[in-house]
Amino acid sequence: MHANFNDREAHARLPIPIARFREAARKPIYEHAKQFNDVKTVSVDDNWFVEKFVNGTPDTMANYVRLYNDDVDEMMGVLVPSARYRKGHYSYGKFTVPQPHGLHTDHSAEDPDGAGEPICIARIETLGTHYLAGDYKAYDPETQSMLKALRYWIAVPEGEPENILGELLKRETLKTIPVNRVMLMVAGNSSENSQVTQHIAARPPDGGLHSAFFQRQYKLT
């Protein structure tokens with residue numbers, strides 16, 4: 001992947017952790033997220049930097065996101081030298097989603113010709129992310145049907161999506177990304193030489209759960 005990120009065999013081995021958050025960072029991030037009873041989502045672009053760091057006073061979360069961005073950019077410069085920042089966002093607060101965002105990929109709608117691209121995500125303290133492990137093409141028809149249930153959150157012959165989620169986690173067809181880690185995975189648009197990471201957020205318990213989520217996606221040059 002260092003020389004050519006679009007290697008489908010390598011993609012089937014992702015996500016992988018490339019860094020972790022120290023307690024000195026994750027504790028204040030989590031404490032700041034606990035101050036909010038809804039979810040705040042912020043896009044990271046040039047306007048964000050000007051608003052937070054030039055014309056205004058950055059809050060705790062913005063300061064840590066900036067550190068995250070700088071550190072992840074530096075790591076990506078070593079791991080995937082052709083990677084350049086495309087887009088990103090962060091969310092924090094109390095997550096209380098009654099129906100989960102189904103099994104999905106992070107794609108590049110603004111660049112239809114883009115194939116697999118590096119993306120780094122991190123969940124702080126709670127609510128890890130589940131991902132589909134291995135080579136997607138190798139799954140049998142029954143498993144493909146079960147994945148359809150999670151993708152569209154619908155019932156299929158194998159059962160209801162809530163039960164299927166638990167069953168696929170038990171089988172380890174779905175695995176869980178640990179919290180407080182920076183994970184490298186694949187975004188972009190599917191191609192013959194890529195396998196874009198399919199993932200689904202962990203479901204918060206009744207009453208919700210506080211967390212923070214950082215995401216930074218790259219294009220290849």
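Some values worked out for this structure:
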quantity: Some residue of the range 107-116 being at pLDDT below 95 and under 14 Å from residue 201 (Cβ atoms); calculated: no
quantity: The one condition in (1) touching a helix residue (DSSP H, G or I) at 6+ places or on another chain (Cβ under 8 Å); (2) surrounded by 15 or more Cβ atoms within 10 Å (Cβ to Cβ); (3) touching a residue at least 60 places away in the same chain (Cβ under 8 Å); (4) not aromatic (Phe, Trp, Tyr) that residue 2 fails to fulfil; calculated: (2)
quantity: Answer residue from the range 146-161, given it is loosely packed, with under 14 Cβ neighbours inside 10 Å and over 20 Å from the mean Cα position of the chain (by Cα) and is farthest from residue 15 (Cα to Cα) among those; calculated: 157
quantity: Top-ranked residue of the range 27-44 - restricted to ones that are of a type in the set (Lys, Arg) and in contact (Cβ under 8 Å) with a residue 24 or more places away in the chain, ranked as surrounded by the most Cβ atoms within 10 Å (Cβ to Cβ); calculated: 34
quantity: The range 209-221 residues that are touching a residue at least 40 places away in the same chain (Cβ under 8 Å) and closer than 26 Å to residue 30 by Cα, paired with ones that are of a type in the set (Asp, Glu) and not in a strand (DSSP E or B) (beta carbon under 8 Å, 6 or more apart); calculated: 210/125; 211/125; 212/125; 215/106; 216/73; 217/106
quantity: So residue 68, is it modelled with pLDDT of 95 or more, outside any helix (DSSP H, G or I), surrounded by 13 or more Cβ atoms within 10 Å (Cβ to Cβ) and of a type in the set (Ser, Thr, Tyr); calculated: no
quantity: Some residue of the range 194-206 being out of contact with any His (no Cβ under 7 Å at 6 or more places or on another chain), surrounded by fewer than 21 Cβ atoms within 10 Å (Cβ to Cβ) and of a type in the set (Gly, Ala, Ser); calculated: no
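Yes or no, residue by residue, for (1) under 17 Å from residue 182 (Cα atoms); (2) outside any strand (DSSP E or B); (3) touching a Cys at 6+ places or on another chain (Cβ under 8 Å):
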| position | (1), (2), (3) |
| --- | --- |
| 25 | yes, yes, no |
| 36 | no, yes, no |
| 40 | no, no, no |
| 52 | no, yes, no |
| 56 | no, yes, no |
| 90 | yes, no, no |
| 94 | no, no, no |
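The values are calculated or read from the model by the stated rules, or taken from the named source; none is laboratory data. Since we're looking at a predicted model, the values are computed, not measured. Note that each Cβ is placed from the backbone with ideal geometry, even for glycine, and that neighbours are counted across all protein chains shown.
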